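Below is one structure, written out as structure tokens; comments come after it.
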Amino acid sequence: MSQSVNAAAERCVNFYPEPIEVPTGKVPLVLYPTPGYTSKVTLPDSPNRGHAAFDGRLFAVAGTHLYEVDSLWGVVDRGTVANDLVNSPATFSTNGDAGGQLFVTAGGTGYILTLATNVLTTVLTGTAHFGGFVDGYFLALDTTTSTLRVSALENGLTWDPTMVAQRNTAADPWVSMTILGRQVRLMGQLTSEAWYDAGDPLFPFAPVQDSLVDHGIASPYSSAALADESVIWLSANRQGTGVVMRASGYTPTRISSHAVEQAIQGYYQTRDAVAWSYQDRGHPFYVLAFPTAGATWVYDTVTGFWHERGWWNSTTMLYNASRAQFHAYVFGLHLVGDRLTGVLYEQSITAYTDIASGVLRRLRQGPHLSSQQRQVFASTAQLDLETGIGTVATPAPQVMLQWSVDGGHLWSNEHWVTAGAVGAYRMRAIWRRIGVSRDRIFRVVVTDPVPWRLLDFFYDGEVGTT
């Protein structure tokens with residue numbers, strides 16, 4: 001929403017927009033439901049701090065343990081790892097068949113899991129807050145000293161103490177690292193730069209010339225790499241913060257809207273923001289969660305649209321940040337972790353409940369409807385949606401409609417109509433006797449566990465003369 005709801009009050013929560021790519025479609029844009037979640041396995045420790053899949057093997061850090069999970073959901077403890085007071089995310093990287101090793105960073109400590117023997121070895125203590133792999137080398141970023149370290153070639157068990165690079169291209173310290181293809185994106189508090197394998201035997205990596213930009217990172221774990229060779233992060237620089245940037249090359253581009261920036265800059269805590277990315281049905285999504293502030297924003301890199309996702313707290317009757325955090329595609333499934341517990345979930349658009357079997361409350365709040373501030377005498381409102389979606393368990397799913405006549409500040413009671421029992425495809429969701437207003441906003445809310453798909457909204461009214 002805008003700084004003033006009287007100017008713009010639109011919201012889209014737990015729906016994402018998809019353009020219809022044929023000219024003969026009924027509408028140019030449809031709202032489809034964001035994924036639901038099905039529990040797959042509960043890890044013995046908690047909370048989830050990250051997971052990753054390599055060569056068909058799934059690894060996860062929860063609490064103070066590294067686990068491996070097989071395709072039948074069996075769990076094996078691969079060893080103890082460090083934690084910190086904030087349950088900081090873990091990072092994972094591998095040197096594949098050439099080295100047969102998994103490099104894990106957790107709580108500032110680096111570990112190598114030898115994949116053939118499943119032996120976990122501590123290799124860096126207190127100097128590995130982020131890890132990665134490029135051109136045969138493991139890399140570790142120490143954010144306390146703003147230094148980058150590299151392992152021996154294809155051997156993460158060996159780290160030469162002289163193979164260290166200190167940041168010197170800018171004064172602000174490095175606080176985050178993201179691997180993008182064969183390059184290392186090192187982000188400071190106010191600036192960021194790219195490094196590459198220069199082949200120098202004294203230290204193999206060096207800064208890419210002219211890659212330094214005045215966009216650092218506001219939250220160390222808000223950066224995510226996408227499959228299209230771009231990186232997205234929550235930016236900070238000398239002039240301010242709260243803008244989301246995307247870089248495909250070395251020049252960052254603003255992708256957040258003023259409405260998104262208005263929301264982010266209003267949060268009292270953004271330092272703990274965590275980002276991750278995934279692709280589903282041709283939509284590459286960047287997910288940016290603010291756990292303390294209680295919000296999750298999602299950017300679709302294909303459409304350029306933002307939407308919100310939220311876990312509905314039935315006690316406070318408010319949206320909290322989505323509990324889904326981190327992602328791995330393995331065993332033919334999209335897997336995410338519950339950021340509050342040790343449960344791993346399958347994420348799928350064919351699941352219709354939230355994490356912990358919670359209600360997926362979906363909301364679409366529309367634009368202002370007015371006619372030069374003249375009175376409008378409304379007779380009916382109709383939601384064009386896919387009907388007949390009832391099930392045996394939910395035989396008559398309900399649609400709730402509210403409206404505001406004061407610019408989006410106060411809202412009416414909920415007015416319920418059915419979306420039709422299973423097979424009732426000709427059912428229409430209509431509300432009558434809407435009333436009189438000079439400026440009206442409609443809000444549609446659905447909660448039943450069925451595949452909601454919203455196409456359009458119609459509003460019939462007669463404009464008065466005053």
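The values are calculated or read from the model by the stated rules, or taken from the named source; none is laboratory data. Small disclaimer: the values here were computed from a predicted structure and weren't measured. Here the Cβ positions follow ideal geometry from the backbone for every residue, glycine too, while neighbour counts run over all protein chains shown. Heads up: the accessible areas ignore ligands, DNA and RNA and are worked out on the full protein's heavy atoms, side chains in. Shrake-Rupley method; radii C 1.70, N 1.55, O 1.52, S 1.80 Å.
The table below gives the values:
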| quantity | calculated |
| --- | --- |
| Residue under evaluation L43, criteria (1) surrounded by fewer than 16 Cβ atoms within 10 Å (Cβ to Cβ); (2) of a type outside the set (D, E, K, R); (3) touching a residue at least 60 places away in the same chain (Cβ under 8 Å), criterion not met | (1) |
| Matching residues in segment 122-160 - criterion: being closer than 24 Å to N87 by Cα and open to solvent by 50 Å² or more (accessible area, probe 1.4 Å) | T122, T125, F133, T144, T145 |
| Residue match in segment 388-403 (condition: outside any loop (DSSP other than H, G, I, E, B), touching a residue at least 12 places away in the same chain (Cβ under 8 Å), of a type in the set (F, W, Y) and open to solvent by 60 Å² or more (accessible area, probe 1.4 Å)) | no |
| Condition met for S39 (assigned to a loop (DSSP other than H, G, I, E, B) and among the small types (G, A, S)) | no |
| Those residues of segment 21-46 which are closer than 18 Å to G79 by Cβ and not hydroxyl-bearing (S, T, Y), in sequence order | L43, P44, D45 |
| Filter result for V376 (touching an Asp or Glu at 6+ places or on another chain (Cβ under 9 Å), open to solvent by less than 30 Å² (accessible area, probe 1.4 Å), β-branched (V, I, T) and touching a residue at least 24 places away in the same chain (Cβ under 8 Å)) | yes |
| Criterion violated by V76 - all others in (1) open to solvent by less than 10 Å² (accessible area, probe 1.4 Å); (2) of a type outside the set (S, T, N, Q); (3) in contact with a Phe, Trp or Tyr (Cβ under 8 Å, 6 or more places away or on another chain) satisfied | (1) |
| Residues satisfying the stated conditions in segment 46-76, i.e. within 24 Å of A98 (Cα to Cα), without any contact (Cβ under 8 Å) to a residue 40 or more places away in the chain and assigned to a strand (DSSP E or B) | Y67 |
| Whichever residue in segment 318-349 is free of Cβ contacts under 8 Å to residues at least 60 places away in the same chain and open to solvent by less than 20 Å² (accessible area, probe 1.4 Å) and, among such residues, is nearest to P291 (Cα to Cα) | A321 |
| Of residues in segment 161-185 being touching a residue at least 24 places away in the same chain (Cβ under 8 Å) and assigned to a loop (DSSP other than H, G, I, E, B), the one most open to solvent (accessible area, probe 1.4 Å) | R182 |
| Count - residues of segment 415-427 that are modelled with pLDDT under 95 and either open to solvent by 60 Å² or more (accessible area, probe 1.4 Å) or over 33 Å from the mean Cα position of the chain (by Cα) (or both) | 7 |
| Test: residue in segment 404-414 that is within 29 Å of the chain's Cα centre (by Cα) and either among the basic types (K, R) or open to solvent by 10 Å² or more (accessible area, probe 1.4 Å) (or both) | yes |
| Single residue of segment 350-368 satisfying the filter (β-branched (V, I, T) and outside any strand (DSSP E or B)) that is surrounded by the fewest Cβ atoms within 10 Å (Cβ to Cβ) | T350 |
| Only one of F92, F54 that is among the aromatic types (F, W, Y) and open to solvent by 50 Å² or more (accessible area, probe 1.4 Å) | F54 |
